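Presented below is the structure to which this report refers.
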Amino acid sequence: MLRQVAEGVLVHESEFVQSNAVVVQGWAGVLLIDPGVTSSEIDCLANDLRELGQPVVAGFSTHPDWDHVLWHARLGEVPRYGTARCAAYMRDLLSDAGAKARIADHLLETEIAGQVPLDLLGLITGLPAETAQIPWDGPHIRIIEHQAHAPGHAALLIEERGVLIAGDMLSDVLIPMLDDLNSTNDPIEDYLAALRLLEEVADDVDVVVPGHGSVGEADQVRARINQDQAYVHALRDGRDPSDPRIGPSAKPGWEWVSDVHTGQLRSLAQRSERDGTPR
């Protein structure tokens with residue numbers, strides 16, 4: 001069911017890891033951002049939009065993780081945008097004929113096995129590099145691109161509505177998940193740089209919508225930025241982050257996030273040993 005979080009901005013929360021699809025009402029229809037996970041949920045979303053008399057006129061994927069690049073025929077054949085890096089990543093992934101099968105195999109270990117529509121996965125049109133806003137007939141939506149979490153990740157700021165759509169950041173249930181800890185890039189600095197970009201717009205935000213987790217009000221925006229910064233600093237230094245999203249204080253059903261944290265610590269230690277750099 002769609003829930004309004006600001007004027008002209010609605011959210012549909014999935015049962016699967018509290019994934020948030022975002023609907024932004026425009027002048028002739030809606031922009032659909034990260035449109036959901038299972039076929040039944042996307043059907044529900046399509047039905048809600050039909051009842052509102054609001055056709056989908058465009059889509060946007062905040063980043064190229066499989067659960068953010070799904071689509072369904074019921075949503076229509078419309079432009080589906082992402083950053084240039086996001087689209088390039090998906091093109092490379094889909095050039096491998098076995099990519100969808102591997103995602104389906106991965107989903108066999110979850111409660112949504114066989115329920116995810118993969119036919120239209122990742123058919124993203126990359127916007128030219130440095131594009132400042134989504135090209136559509138609706139409220140101005142600023143693109144804040146960064147390299148935290150995934151290639152070409154973008155947060156979106158609906159400026160006249162005071163809404164920040166954060167993608168897989170600023171969650172109350174998920175810790176920062178760093179991209180490709182085995183690469184030669186600096187995922188720690190990439191993440192901190194992204195948080196600085198979000199910090200620059202925080203005073204203009206009344207509502208933050210994470211890719212997974214609860215929608216936050218104005219008083220939670222900086223609190224979530226600070227919490228993510230504290231976690232990443234602790235991860236960099238090899239310290240216990242004392243983060244309520246991991247350990248005994250994690251929300252029921254999210255205990256597995258502690259395993260992600262342990263894995264990131266291990267990967268960073270291996271990276272430090274490999275490169276001969278201090279933690």
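Observations on the model:
- Per residue, the average separation of C-alpha pairs within less than 8 Å and at least 6 apart gives the range 47-187 a relative contact order of 23 percent.
- Global dimensions of the range 1-147 from alpha-carbon coordinates: Rg and Dmax equal 14.9, 42 Å.
- Ellipsoid equivalent to the chain - semi-axes via the Cα gyration tensor, in Å: 29, 21, 19
- Among ILE124, LEU198, ILE141 the positive-end extreme of the charge dipole of the range 123-241 (Cβ point charges): ILE124
- Using the alpha-carbon positions of the range 189-233, Rg (one decimal) and Dmax (whole number) come out as 10.2, 27 Å.
- 222 nm mean residue ellipticity, helices alone, for the chain (DSSP H n ≥ 4; -39,500 (n - 2.57); rounded to 500): -10500 deg cm²/dmol
- Accessible-area composition of the chain, carbon plus sulfur, in percent [1.4 Å probe]: 49 percent
- Put a dot 7 Å past the Cα of ARG222, heading toward its Cβ, do the same for ASN47, and the two dots end up 4.3 nm apart.
- Residue separation of VAL260 and GLU15 scaled by 0.36 nm, minus their Cα-Cα distance, works out to 86.2 nm of gained length.
- Karplus-based coupling profile of the range 64-80, in residue order and whole Hz: x, 5, 4, 7, 10, 10, 8, 7, 9, 4, 5, 7, x, 8, 10, x, 10, with θ = phi - 60° in 6.51 cos²θ - 1.76 cosθ + 1.60 and x standing for Gly or Pro.
- Size estimate for the range 1-78 follows the Kirkwood approach: the inverse of mean 1/r over distinct Cα pairs works out to 12.3 Å.
- Formal net charge of residues neighbouring LEU93 (Cβ-Cβ distance under 13 Å; K, R +1; D, E -1): +1
- Computed with a 1.4 Å probe over protein heavy atoms only, the accessible surface of the range 96-191 comes to 43 Å² per residue.
- Beta bridges by DSSP in the chain, antiparallel share as percent, to the nearest 5: 65 percent
- Using C-alpha pairs under 8 Å with a sequence gap of at least 6, the mean separation divided by the residue count of the range 72-142 gives a relative contact order of 45 percent.
- Using the average count of surrounding beta-carbon atoms within 10 Å as a protection proxy, the listed peptides 5-14, 66-75, 259-268, 149-158 rank, highest first, as 149-158, 66-75, 5-14, 259-268.
The values are calculated or read from the model by the stated rules, or taken from the named source; none is laboratory data. Nothing here was measured: the structure is a model prediction, and the numbers come from that model. In this analysis, Cβ positions are derived from the backbone assuming ideal geometry, glycine residues included, and neighbour counts consider all displayed protein chains. Keep in mind that these areas ignore ligands, DNA and RNA; they rest on the heavy atoms of the full protein, side chains included. Shrake-Rupley method; radii C 1.70, N 1.55, O 1.52, S 1.80 Å.
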